[in-house]
Amino acid sequence: MMASLSVILFLEQLPVTLAVQLIARWRVDAHYYLVCTESTPISAANIKCCHFSQLPQLMASCAQQTRILINDDGVLAMPDSAGIAQVERSRQVGIVSLRRPDQFGCYAPGLGYTPDHYLSAIVLPSGLYPDWGELGFARRWAGHLAALRSLEQNGGYLLLGFDPLLFPALHGIKGAHVIQTRFQAIEVLRCAVKLWPEGFDEDWLADTLQVITQIATLSDHTLPKQADHEQQLKAQIDQYLTVLTNNILAVGQASTASSAPSTLTVDLRDKDLLVFKIDAIGDMVVATPVIEALLASAARSVTLVVTETLYPLVSKDPRYKKVIAVGQNQLVARHQPEQLLLDDLGLFDEHYDVAIFARYYPDYSLAHHLAVLLGIPERVGLVNLQADEGRCANPITHLTLTHPQPVSHQLHEVEKLLEVLKPLSLVASSSELRLWPIPAYAKRQETIVFGLGASSAKRQWPIKRYLALAQQLVQIYPKRFAFVFVGGGDIDARVLPQRVDIINRIGRDNLYDTCRHLAGATMFIGNDSGVMHLAAALTKPVVELSVHPVGAPAFHLNSPERFSPWQVPQRIVRPLQPAELACAQGCRHEFAHCILQITVNEVYLAAIDLLEEISQLGKGCNHEQQHTPSRLSASR
């Protein structure tokens, strides 16, 4: 097939090194031309680099071959092999459509999608070389323009499926807004008005071109100052382009050929699993029922991928074939995604049959991208495009999943993550949070652990208030408790006094050592944090201090309804109202703000109430019982 097929990749975002890695996974026998701004030496005989200025000569030189043009804006998606063959038989242009009618449609207004970069893969049959020189200029709009030119010439076009190893654009991870490229849509829209005058009149075109021209005049220096204006302009154009894209999809002929559909379920027998949990501490803990089910399955092996912070917590479990630790930077992979991917690929030196993403949020950690570059054939994860969080990331990342599992937004996070077992035909034996056995530190008296850390400053109750809380508890329980203060190195612990009942472990312990303190504690009092979930996994009663005001949306990222301590005796103390109107949907600040409304006395009353419950339950306390969190703070 190599002599009759050329693949031309326009690389504006993706490094050549990663493109070469992806080509190796596609396994499509062809000549590959990487069109980019710089020439990079490549050892593979069938891959060459060329400059954008060489595109016309390149198109002419391979005119007698079937050519596939792919832009890396939005996604690098190879047409499926059956669709490529049909293009050559029918002599029609083929356009790759990422729409999955039976699952998730694209271009739906209000879901955070933009319609621009989902039609950029084009298949041209051999011998067909129209005067489409503007394709090189259009780039991002090349798929739209190819479809419109085909109609203009009284021809048709096919809508093709895509190879499952598609690669979402990394600028979606960066969160970049590539606004000025909207200027390239001018020719596409002019062509659309000529073809569909009844749908796009002259006034509409004039209005659109004026808006696009406004965007084109915004310089890199003015864009940050014009953020709101820029977004309004972008939204207006995207509404126009949504209409155009949906028209193209409606007029195009769906390919009758398709690759073999994936099975509905994945058989794990004798397979090697790669489980991604490149997450924060709490996200890992609430996924332990899922991981327990995978470890108990008929899979041949389970390899776990976590951050360096989580590694001490899970590396002692001998049931994993291997635990791979990636850098903590993956949690903020927006900044340098290309380099992070190149670094991480070197950590994987084995074959894996199934990738499992036990995660509900958008994937900022590059896990989906890694699984594609590793060529893992079956990939299972959760999707809910209705959730607000789905608007934060590249909205086509879910298409990297061969087995996407829809999940309701209105569930506790533990219940959500358990849904990922459905495509695997697994049922968890228990929904309990579980950690590999952790021995408690020897102690001379009962302890209460104060958890001062949290992933964001707005969730952190001040350390001086914890110290005041300890003083009040000492007055009612003299000499009964010692207080263990735990948290990260970002917390200033200098205010803690040198006292025999104050054990300062702030910034001194890894997760495993923190768990040893929790394992021997009577109770945990602390912020909504990963350590709070560790306490719940160790069946400790919890007083949670939540930043999320009463009446704010349930199942928000900071909501106790979504992330409360799981299946342990608990009290939830939270602001009775937002500190300001702007925080009605959840605290909007990056510093301690709404959480400052929680008083020491409220937490004190919640703590003694929970201690009384523990006393009543006695040593036979059934911590496995489901406890419904209180939505109100303790009574004053």
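Here is how the numbers come out for the structure above:
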quantity	calculated
Ranked packing of 534-545, 30-41, most packed first, by mean Cβ within 10 Å	534-545, 30-41
Binned Cα-Cα distances of segment 543-596, short to long, each 10 Å bin given as a whole percent	27, 56, 16, 1
Gain in span if fully extended, Q210 to L557, counting 0.36 nm per residue against the direct Cα distance	121.0 nm
Spin-label model distance (nm) - H51 vs L576, 7 Å beyond Cα toward Cβ	7.1 nm
Per-pair calculated FRET efficiency, R0 = 45 Å: D490 and S61 via Cβ, rounded to 0.05	0.20
Packing rank of 516-523, 487-494, 20-27, where each peptide gets the mean count of other beta carbons within 10 Å, highest leading	516-523, 20-27, 487-494
Once the Cα gyration tensor of segment 20-82 is diagonalised, semi-axes √(5λ) in Å	18, 15, 13
Ranked packing of 150-156, 591-597, most packed first, by mean Cβ within 10 Å	591-597, 150-156
Taking segment 237-319 and dividing mean pair separation by its residue count, relative contact order in percent (alpha carbons under 8 Å, at least six apart)	32 percent
Percentage relative contact order, segment 392-519, counting C-alpha pairs under 8 Å, at least six apart	23 percent
Net lengthening on full extension, Y512/E446 (0.36 nm per residue, minus Cα-Cα)	21.8 nm
For segment 517-526, Karplus couplings with θ = phi - 60° (6.51, -1.76, 1.60), whole Hz, Gly/Pro x	5, 5, 4, x, 7, 7, 7, 10, 10, x
Pairwise FRET efficiency - F591 versus E350, Cβ, R0 = 60 Å, nearest 0.05	0.85
R0 of 56 Å, Cβ-Cβ distance Q616-A24: FRET efficiency to nearest 0.05	0.30
Relative contact order of segment 1-83, defined on C-alpha pairs under 8 angstrom at six or more residues apart (%)	40 percent
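No lab work stands behind these numbers, since they all come straight from the coordinates. What you are looking at is a predicted structure, and each value in this text was computed from that prediction instead of being measured. Positions of Cβ are generated from backbone atoms using ideal geometry, with glycine treated the same way; all protein chains shown enter the neighbour counts.
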